[in-house]
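Below is one structure; the comments refer to it alone.
The values are calculated or read from the model by the stated rules, or taken from the named source; none is laboratory data. Quick caveat: nothing in here was measured; it's all calculated off a predicted structure. Here the Cβ is made from the backbone with ideal geometry for all residues, glycine too, and neighbour counts use every protein chain on show. Side chains included, ligands, DNA and RNA excluded: accessible areas come from the protein's heavy atoms. Shrake-Rupley method; radii C 1.70, N 1.55, O 1.52, S 1.80 Å.
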Amino acid sequence: MSGQEGQIATEGNSPRPLGIQLAAASGVALAVMLVAGFAADIAIVLTTGGPPVLDPAKIGSELLRAKGSTVWMVEAWLYTLMIIAVPAFILGVYAALRREGDPGLPGLGAIAALIFWLFHTIHNLAFVTVLQVLATGYTGAGAEGSAADAVARALLGFANAAFGFGTSVGGVFLIGSMACLGVATLQNGGLPRWTGYAALAAAALALIAYLQVIVPALGPIFGIPGWLLHIAWVIGVAVALVRGRTMSTSHRFGYAPAGVTTP
């Protein structure tokens, strides 16, 4: 065993700082919520006869489709509440990737990730409002129905501008965060290398989804696999944090030499 390996093995037996424990717990919570959210998306498709998004162009029929759907309400709140687990998890990712003399990619990736999750939460808060306030008593009749249609269209337009596959401002920050954190993982170490490749692939697919301005079908075709890779990245990083395989004690929430990584 080399001196460095022996040092890491010895340090791995020491108590982990509270910040790392919180980051690990938050990562696990976020991973579970993401998997549950995607399962709820599938359930919405199976129970409502359409995708887990509302089309503003067909708002009347869409509100009727969402009306009374418990699973849709659960899904919307689940995605909204994910923001609670995000800050500590992202801080843990930043700590794992931060290296003395690096060009700042971990910091840029962490900032972009936090901004993305802010837009993601705004997106889902708008959906919660549509589902809980407008769809619940929607009949589609009279002036009240027309007013509900108009408000729903406005809220959904705002939501889709905040986050959506290939349509949003928030999606740009998702691409930026995955690209920066993926490159930082491969250059600096600190997290399993496969998570770096997963992050870069997620960024590439999310970027290609913006070509839907030319071919609309490209949005979900590339956006959904990109989101699934993002979920895989969160799971992989959360597992690494839980196992304590991300960094040695000497640089937890600080600097460390480049190249310390895990398989």
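Calculate the length of the line joining the C-alpha centroid of region 97-116 to that of region 68-91, in whole Å.
Using only Cα atoms to place each centre, the spacing works out to 24 Å.
Can you figure out the FRET efficiency of LEU186 with ARG243, using R₀ = 22 Å and their beta-carbon distance, to the nearest 0.05?
Plugging the Cβ-Cβ distance into 1/(1 + (r/R0)^6) gives 0.65.
Run lengths n ≥ 4 of DSSP H only: what is the helix-derived mean residue ellipticity at 222 nm for the chain, with -39500 (n - 2.57) per run over all residues, to the nearest 500?
The per-residue figure over the chain is -23000 deg cm²/dmol.
Starting from the amide H of GLY189, placed 1.01 Å from N in the peptide plane, find each other amide H under 5 Å away whose residue is 5 or more places distant or on another chain.
The answer is GLY259.
In square angstrom, what is the accessible area per residue of the chain with a 1.4 angstrom probe? Let's see the in-between values first.
Working: 11810 Å² over 263 residues.
Normalised by residue count, the accessible surface of the chain is 45 Å².
Counting only protein heavy atoms and using a 1.4 Å probe, what share of the accessible area of the chain belongs to carbon plus sulfur, as a whole percent?
It is 72 percent, rounded to a whole number.
Keeping every protein chain in place, order MET73, MET178 by accessible area at 1.4 Å, biggest value first, i.e. largest first.
MET73, MET178
So what J values fall out for region 102-113 if you push phi through Karplus, 6.51 cos²θ - 1.76 cosθ + 1.60 with θ = phi - 60°, rounded to Hz, Gly and Pro as x?
6, x, x, 4, x, x, 4, x, 5, 5, 4, 5
So, by mean Cβ neighbours within 10 angstrom, what's the order for 222-235, 148-161 with the highest one leading? Don't skip to the answer; put the middle values down first.
Details: 222-235: 20.3, 148-161: 17.7.
Ranking the peptides 222-235, 148-161 by packing returns 222-235, 148-161.
Tell me, in nm to one decimal, what length is gained between ALA39 and THR139 on full extension, where the rule is 0.36 nm per residue of separation less the Cα-Cα distance?
On the way: separation 100, 0.36 × 100 = 36.00 nm, distance 2.88 nm.
Between ALA39 and THR139, full extension yields 33.1 nm more.
Using packing as a proxy for protection, rank 56-66, 199-209 so that the peptide with the highest average count of other Cβ atoms within 10 Å comes first.
My ranking of the peptides, most packed first, is 199-209, 56-66.
I'd like the orientation of helix 142-162 relative to the chain: the angle between its Cα long axis and the longest Cα principal axis, in ° from 0 to 90, rounded to 10.
Approximately 20 degrees, to the nearest 10.
Students often check this: by mean Cβ neighbours within 10 Å, which of 38-44, 138-144 ranks highest, and how do the rest follow? Walk me through the intermediate numbers first.
Working: 38-44: 17.1, 138-144: 12.0.
Highest-to-lowest ranking by the protection proxy: 38-44, 138-144.
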